[in-house]
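These notes are about the structure you will find just below.
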Amino acid sequence: MTVVVLPPAAFLGRIVGRSAIAWGALRGVVGFLPGGADLAVRTSLLLIVIAAWLALFFGRRRNEPLFLANLGVRRGVIAGCALLVPVLGEVAVRIVR
Amino acid sequence: MTDAAVLQANSIGKRFGRRRVLSAATLIAHPGSITVLLGRNGAGKSTLLKIAAGWWRADYGVVIYKSARYRHPRLADLARRGLFFLPDGGLLDPLRSLRRQMAALVARFPAARARVAHVLELLDLESLADHPVGSLSGGEWRRAEVALAVARQPECLLADEPYRGIAPADAETLSAAFRTLAGEGSAVVITGHDVPILLGVADQVIWQTAGTTRYLGSPDTVETHDQFRREYLGRWP
């Protein structure tokens, strides 16, 4: 049985916070572009991936993946945490519109 | 050596592009023992350690950790079972203090709580523990990383070049920490190039050359190994 270990609260907050900031910033930038108010599904997916990647990239600069791996947290779980806010954000935006 | 191996990385092969770094390398770590892995630059010591730790994937070979066989182990899975990997390229967050990062370790492994104060004293880090790790010197930073590993009290510690850029007095402190861990029953594997320091702390020596590994035995016998002297130490006759 695979055990899913989440990052400690402080790390979880940082990963989620970084991806939220990245997604918010990307959404803000895209919103100013022509047609940015109503994104295609493919563009939304791209925003999600870029926001999560940015969150992971900045975490890697702070040695987060190795530190968390030594605590038993898999890389896939960290990626899942980074995807959380962008995915929920895009879903929420689509529901509101 | 007190018992059967905790960790075995058997017949490991790894290629980067056209360059084959490891062809049939083997690493064995015994509880209560310090194993030193020596080899020239580019011999693949770090690669072998990363593969044994489950941080990198081998092209072939198998890792056996605490009797479980892994074709492609993951560090997170091995870490849950008591392995700790101390990389060469940095483990700690430079923007956070050691104490906060120790707190994260304790949150995950509560048994480490009772060891934190002792470990900070052992590695002479009490006055530095509340400063951001990025404000520490290279030697202090390395001691902080070892402190985290010792606090975890792993069953197997793989440390990649822990003595690099360390002053002799700090090296003694690190050696004492590794001896403490081994004395508590941990299997410790260390790589590096600081031969006198490494041979001073080793129980057994493995020499990595030409993509493979050779077990040289105790540090006392190493100096009498002609090929090792000639090809690694550079002293001949």
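The values are calculated or read from the model by the stated rules, or taken from the named source; none is laboratory data. Everything numeric here is computed off the predicted structure, so don't read it as measured data. Positions of Cβ are generated from backbone atoms using ideal geometry, with glycine treated the same way; all protein chains shown enter the neighbour counts. Side chains included, ligands, DNA and RNA excluded: accessible areas come from the protein's heavy atoms. Shrake-Rupley method; radii C 1.70, N 1.55, O 1.52, S 1.80 Å.
Output the residues belonging to the stretch A:73-91 that are without any contact (Cβ under 8 Å) to a residue 40 or more places away in the chain and not basic (Lys, Arg).
Selection gives A:GLY76, A:ALA79, A:GLY80, A:VAL87, A:LEU88, A:VAL91.
Would you please name the residue that is surrounded by the fewest Cβ atoms within 10 Å (Cβ to Cβ), looking only at residues in the stretch B:53-72 that are within 12 Å of chain A (Cβ to nearest Cβ) and among the small types (Gly, Ala, Ser)?
Top of the filtered list is B:GLY54.
Pull up the stretch A:45-92, narrow it to residues that are charged (D, E, K, R) and assigned to a helix (DSSP H, G or I), then point me to the one that is nearest to B:SER97 (Cα to Cα).
If we take residues in the stretch A:45-92 being charged (D, E, K, R) and assigned to a helix (DSSP H, G or I), then A:GLU64 is nearest to B:SER97 (Cα to Cα).
Which fully enclosed strands (runs of 3 or more DSSP E) of the stretch B:29-87 have 2 or more residues being without any contact (Cβ under 8 Å) to a residue 24 or more places away in the chain?
Those strands (runs of 3 or more DSSP E) span B:68-70.
If you go through the stretch B:202-234, how many residues are in a helix (DSSP H, G or I) and of a type outside the set (Lys, Arg)? Give the steps one after another, and end with the answer.
We begin by selecting, within the stretch B:202-234, every residue in a helix (DSSP H, G or I); these are B:219-222, B:226-233.
Subset that is of a type outside the set (Lys, Arg): B:219-222, B:226-228, B:231-233.
Counting residues in the stretch B:202-234 that are in a helix (DSSP H, G or I) and of a type outside the set (Lys, Arg) gives 10.
Which of the residues spanning the stretch B:162-201 are in a loop (DSSP other than H, G, I, E, B), open to solvent by 10 Å² or more (accessible area, probe 1.4 Å) and more than 20 Å from B:VAL116 (Cα to Cα)? Quick ask: steps written out before the conclusion?
Looking only at the stretch B:162-201, we keep the residues that are in a loop (DSSP other than H, G, I, E, B), and these are B:162-167, B:184-186, B:192-194.
Going one step further and asking which of them are open to solvent by 10 Å² or more (accessible area, probe 1.4 Å), we end up with B:164-167, B:184-185, B:193-194.
If the condition is that a residue be in a loop (DSSP other than H, G, I, E, B), open to solvent by 10 Å² or more (accessible area, probe 1.4 Å) and more than 20 Å from B:VAL116 (Cα to Cα), then B:ARG164, B:GLY165, B:ILE166, B:ALA167, B:HIS193, B:ASP194 are the ones that fit.
Taking into account only those residues within the stretch B:118-138 that are open to solvent by 70 Å² or more (accessible area, probe 1.4 Å) and part of a helix (DSSP H, G or I), which is nearest to the other protein chains (Cβ to nearest Cβ)? Please lay out each step first, then the result.
If we filter the stretch B:118-138 for residues that are open to solvent by 70 Å² or more (accessible area, probe 1.4 Å), which is where we start, we get B:118, B:121, B:124, B:126-127, B:130-131, B:135.
When the remaining residues are screened for being part of a helix (DSSP H, G or I), the result is B:118, B:121, B:135.
Numbers: B:HIS118: 20, B:GLU121: 22, B:SER135: 15 Å.
Ranking the qualifying residues of the stretch B:118-138, first place goes to B:SER135.
Within the stretch A:41-84, can you find the residues that are more than 10 Å from the chain's Cα centre (by Cα) and of a type in the set (Phe, Trp, Tyr)? Lay out the reasoning, then the answer.
Keep residues of the stretch A:41-84 that are more than 10 Å from the chain's Cα centre (by Cα), which gives A:41-46, A:57-77.
Those that are more than 10 Å from the chain's Cα centre (by Cα) and of a type in the set (Phe, Trp, Tyr): A:PHE57, A:PHE58, A:PHE67.
In the stretch B:139-161, what residues are touching a strand residue (DSSP E or B) at 6+ places or on another chain (Cβ under 9 Å), open to solvent by 10 Å² or more (accessible area, probe 1.4 Å) and of a type in the set (Asp, Glu)?
Of everything in the stretch B:139-161, those that are touching a strand residue (DSSP E or B) at 6+ places or on another chain (Cβ under 9 Å), open to solvent by 10 Å² or more (accessible area, probe 1.4 Å) and of a type in the set (Asp, Glu) turn out to be B:GLU155, B:GLU161.
Picking from A:LEU88, A:LEU83, which residue would you name as being under 20 Å from A:ALA9 (Cα atoms), surrounded by 16 or more Cβ atoms within 10 Å (Cβ to Cβ), more than 14 Å from every other protein chain (Cβ to nearest Cβ) and not charged (D, E, K, R)?
Matching residue, one of A:LEU88, A:LEU83: A:LEU83.
Just one of (1) open to solvent by 40 Å² or more (accessible area, probe 1.4 Å); (2) within 14 Å of chain B (Cβ to nearest Cβ); (3) touching a Leu at 6+ places or on another chain (Cβ under 7 Å) trips up A:ILE50, so point out which.
Just one mismatch for A:ILE50, condition (2).
Only one of these is within 27 Å of B:GLN153 (Cβ to Cβ), touching a Phe, Trp or Tyr at 6+ places or on another chain (Cβ under 7 Å) and among the aliphatic types (A, V, I, L, M): A:LEU12, A:LEU68, A:LEU6. Name it.
Values: A:LEU12 fails: touching a Phe, Trp or Tyr at 6+ places or on another chain (Cβ under 7 Å); A:LEU6 fails: touching a Phe, Trp or Tyr at 6+ places or on another chain (Cβ under 7 Å).
Just one listed residue meets the conditions, A:LEU68.
Going through the stretch A:78-97 one residue at a time, which ones are out of contact with any helix residue (DSSP H, G or I) (no Cβ under 8 Å at 6 or more places or on another chain) and aliphatic (A, V, I, L, M)? Give the derivation first.
Step one: list which residues in the stretch A:78-97 are out of contact with any helix residue (DSSP H, G or I) (no Cβ under 8 Å at 6 or more places or on another chain), which gives A:80, A:88, A:91-92, A:95-97.
Hits for the stretch A:78-97 are A:LEU88, A:VAL91, A:ALA92, A:ILE95, A:VAL96.
When the residues of the stretch B:73-117 are filtered to those that are away from chain A (no Cβ under 11 Å) and over 21 Å from the mean Cα position of the chain (by Cα), which remaining residue is most open to solvent (accessible area, probe 1.4 Å)?
Only one residue tops the list, namely B:ARG113.
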